[in-house]
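The structure appears right after this line, and notes come after that.
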Amino acid sequence: MIIAGLIGVSGFGNVHYHDLLREHEAGRMKYLAATVINQPEEPEKCAKLRSLGVEIFEDHRAMLKKFAGKLNLVCIPTGIALHAPMAIDAMKAGANVLIEKPAAATVQEVIAMQEAEKEYGKFTAVSFQSIYSAELQDLKKQILEGVIGKITRIVACGLEPRTYAYYTRNNWAGCLKGKRGEWVLDSPYNNAVAHQLNMMTFLAGKSFEKPAGPVSATAELYHANKIESADTASIAIETAEGIPLYFYVSHAAESCLRTGFKIYGTAGTIDVTLDTFTIESSSGKKEIPWQRDHVALRGRIMESVRARIANPKAFYCSLDIARAHTLCVNGAHESSAWITQINPEAIHETGEGKDLRIEVKGMDEAVKTAAAKMQMLSQVNPDLFKGSGRKVSLVDYRKFPAGK
């Protein structure tokens, strides 16, 4: 029986809370301890936990101290900046870890977690839920078998409008740093559509367990909203595998185009959307639906974590896989040394009440055109986008923001 603990039940912690309840009630895990720093705000959850015999703490360090060596798994769905220190604390206390995505804001934090894995003989799994999909894993196997020949490039494009409420949902949304000066790098590519960028690096990897290795990044980062970080980006990543990755996204779009990406090969293409994989090759066209039911995917994550605890060879979204995503994010922010304001003349409000948001006239066309041409946004609409980015090496990159 796996003995589990949880740090946080609010915000996205609510998802992990229900994950563990399902595991507990199915008899697959025993839910033993939880840290809830805002207990007066979560009376029902606290009452439910106590009814299951779960001991509740106000501080995760007190929880880990009392249950050191007794927990097989600790789930950590906290803010981005807390992933690494809490994961290291949990591994030091003898527990394996499941953290929410992204793994961390900076590559040095991911490296610190990897070093803790080696020191304490534990693992940290990352909740990039798409990686746990059986269909996506099968797609990678087909790619490695040459279903579309050799991959030549992967291009992502997304128009993902977000309301003002999105940027006030917590104290780090839209921020580069948290209140204590810790890196957060909140952005579309590090949060809302981080899954897609992570999938791109995973599918471009030369072996099933490994992602592609980013070796350079060139990016332009922009904002239309009054935030510190970016809400719009064009990012080009070179990889050790010789497969360029292009990523285009905006939260200040005029309309919605859910972020997908297209894999180009020497013998065909694969379109990856939220619902299907469409493979076109000399053998014809094949559409493969993939599991996007939220509860089912969360179940796959927990199943994979249980399997990894029982078998060191079981596949899961490792820090190695997640580190490639973090490298891309760090490289993008080093490339675009500052977040550039989009031309204010094109910015206006739209919607009402809770749907009130910013949109940029001409954004949709610019993002789609840049993706089609694999160019930076400033190249396709210099009146709207006046930023620039330098090419940054990611070879032996171990620290953001100071390079090597």
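What to note about this one:
- Pairs linking a residue in the stretch 304-319 that is more than 18 Å from residue 202 (Cα to Cα) to a residue that is among the basic types (Lys, Arg), with Cβ atoms under 6 Å and 6 or more positions apart or on different chains, do not occur.
- Residue count for the stretch 333-360, restricted to those that are more than 27 Å from residue 154 (Cα to Cα) and either in a loop (DSSP other than H, G, I, E, B) or touching a Gly at 6+ places or on another chain (Cβ under 8 Å) (or both): 6
- Cβ-Cβ contacts under 9 Å between residues 6 or more apart (or on different chains), taken from a first residue in the stretch 1-27 that is touching a residue at least 24 places away in the same chain (Cβ under 8 Å) and farther than 22 Å from residue 41 by Cβ to a second residue that is acidic (Asp, Glu) and open to solvent by less than 20 Å² (accessible area, probe 1.4 Å), are listed as 2/23; 4/23.
- The lone exception for residue 44 - which of (1) part of a helix (DSSP H, G or I); (2) touching a residue at least 40 places away in the same chain (Cβ under 8 Å); (3) charged (D, E, K, R) it fails: (2)
- Taking the criterion of being open to solvent by 40 Å² or more (accessible area, probe 1.4 Å), within 14 Å of residue 218 (Cα to Cα) and of a type outside the set (S, T, N, Q), the residues of the stretch 364-394 that qualify are 374, 390, 391.
- Only one of 383, 364 that is acidic (Asp, Glu) and in a loop (DSSP other than H, G, I, E, B): 383
- Among the residues of the stretch 187-198, those that are buried (at least 24 other Cβ atoms within 10 Å of the Cβ), touching a helix residue (DSSP H, G or I) at 6+ places or on another chain (Cβ under 7 Å) and either under 11 Å from residue 229 (Cβ atoms) or not polar (S, T, N, Q) (or both) comprise 189, 190, 197.
- Selection status of residue 149, more than 24 Å from residue 76 (Cβ to Cβ), touching a residue at least 24 places away in the same chain (Cβ under 8 Å) and not polar (S, T, N, Q): yes
- The single condition among (1) modelled with pLDDT of 95 or more; (2) out of contact with any strand residue (DSSP E or B) (no Cβ under 6 Å at 6 or more places or on another chain); (3) open to solvent by less than 30 Å² (accessible area, probe 1.4 Å); (4) farther than 24 Å from residue 107 by Cα that residue 303 does not meet is (3).
- Filter result (among the aliphatic types (A, V, I, L, M) and farther than 18 Å from residue 230 by Cα) within the stretch 376-391: 380
- Listed by first and then second residue, the pairs with beta-carbon distance under 6 Å, at least 6 apart or on different chains, first residue in the stretch 278-296 and over 12 Å from residue 135 (Cα atoms), second among the hydrophobic types (A, V, I, L, M, F, W, C), are 279/270; 281/148; 281/267; 286/279.
The values are calculated or read from the model by the stated rules, or taken from the named source; none is laboratory data. No experiment lies behind these values; they were computed from the predicted model shown. Heads up, the Cβs are rebuilt from the backbone with ideal geometry, glycines too, and the neighbour counts pull from every protein chain shown. Calculation scope for accessible area: heavy atoms of the full protein, side chains included, ligands and nucleic acids excluded. Shrake-Rupley method; radii C 1.70, N 1.55, O 1.52, S 1.80 Å.
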